[in-house]
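This report concerns only the one structure given below.
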Amino acid sequence: MATKKAATNVASNDADKILNTGSEPVVKETDLKEEVAELRPEPEVQNVEPVAPSNKVEVDASVLQNILAELNDLKTKQGQLEQTASQDQIRKIEQMRASGKLVKAVKIRRIDGKIVLAWKMVTDDVYYADGKVYEKQEYEVTFEGGEKKVVDIREFTRKGQYESYEVIKEAKLANGTIEYTLQMADGKELVILETYVN
C-alpha cells in the first residue's frame, strides 16, 4: 500500500508540472533557484589587507648617477662662490632675509633669453601720407655682456618677457638715478639702472 501511495504522490507532482497544452514538464522558478544554488560554488573569503600607496619610484641607474653628479657639481660651485664673495655681505643678506626685511624684488626684461640692461629710441618716424599713418619706431637694445641690437618697437614689446630678481644693494648716483644690484639665479650679481626695471 505504501508503494501505491508514493506512486500516486509522484504522479500528482508530475501532473502539476505538465501544462494543459504540452506534454513536457514545467519547471517552477523555485526549483531552478534551488538547483542553481546547489551548482554555484561558495565564494572564498580571503582576509586581504588594503595596500598602502608606495612612495617608491624606479629610476635608471645612469639617470640617478647624472643627477648626483650635477648636484655635487652645484655644491662645489656654490662653495667656490661663497669663498670668493664678501662674507660680511653674505651674513648681512642672510640676516635681512631672516628678519623679513629683504623682500624687495624688481623685474627685468629678457628678449630671446638675453637680459636687457638698457634701451634707447633710435628711430621715431611717424607720418601721414596717402590717407594712411606710417610709423617706424626702433630701439637700440643693450644686452648683458655689452651686445647691442636695433629692434623694432613692436618686436621689443611682443618678445619681451619679465623675470623677477631680488635686490641686494641699492645706490643713488650723483645725477639722482638709482642703481640696483640684483642677485641672479646662478649667484652672479647684475647692476642695472632703475629706469630699466619693472
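The values are calculated or read from the model by the stated rules, or taken from the named source; none is laboratory data. Nothing here was measured: the structure is a model prediction, and the numbers come from that model. Because the Cβ atoms are built from the backbone with ideal geometry, glycine has one as well, and the counts that use them run over all protein chains shown.
As an exercise: evaluate R158 against (1) closer than 24 Å to V197 by Cβ; (2) basic (K, R); (3) surrounded by 12 or more Cβ atoms within 10 Å (Cβ to Cβ) and give the number of the one condition it does not meet. So the condition that R158 fails would be (3). Quick one: is S62 farther than 22 Å from Y165 by Cα, in a loop (DSSP other than H, G, I, E, B), out of contact with any strand residue (DSSP E or B) (no Cβ under 9 Å at 6 or more places or on another chain) and among the small types (G, A, S)? No: the conditions fail for S62.
Looking across segment 113-139, the residues that are modelled with pLDDT of 90 or more, within 36 Å of the chain's Cα centre (by Cα) and of a type outside the set (A, V, I, L, M, F, W, C) come down to K114, Y139. Within segment 122-134, residues that are touching a residue at least 12 places away in the same chain (Cβ under 8 Å) have Cβ atoms under 7 Å from residues that are among the charged types (D, E, K, R) in these pairs: V122/E138; V122/E140; T123/K136; T123/E138; D125/E135; D125/K136, counting only partners at least 6 apart in sequence or on another chain.
Among the residues of segment 128-137, are any on the phi < 0 side of the Ramachandran plot and surrounded by 14 or more Cβ atoms within 10 Å (Cβ to Cβ)? Within segment 128-137, one or more residues are on the phi < 0 side of the Ramachandran plot and surrounded by 14 or more Cβ atoms within 10 Å (Cβ to Cβ). Applying the criterion of being more than 23 Å from M121 (Cα to Cα) and either among the small types (G, A, S) or in contact with a Lys or Arg (Cβ under 6 Å, 6 or more places away or on another chain) (or both) to the residues of segment 169-198, the residue that is surrounded by the most Cβ atoms within 10 Å (Cβ to Cβ) is T181.
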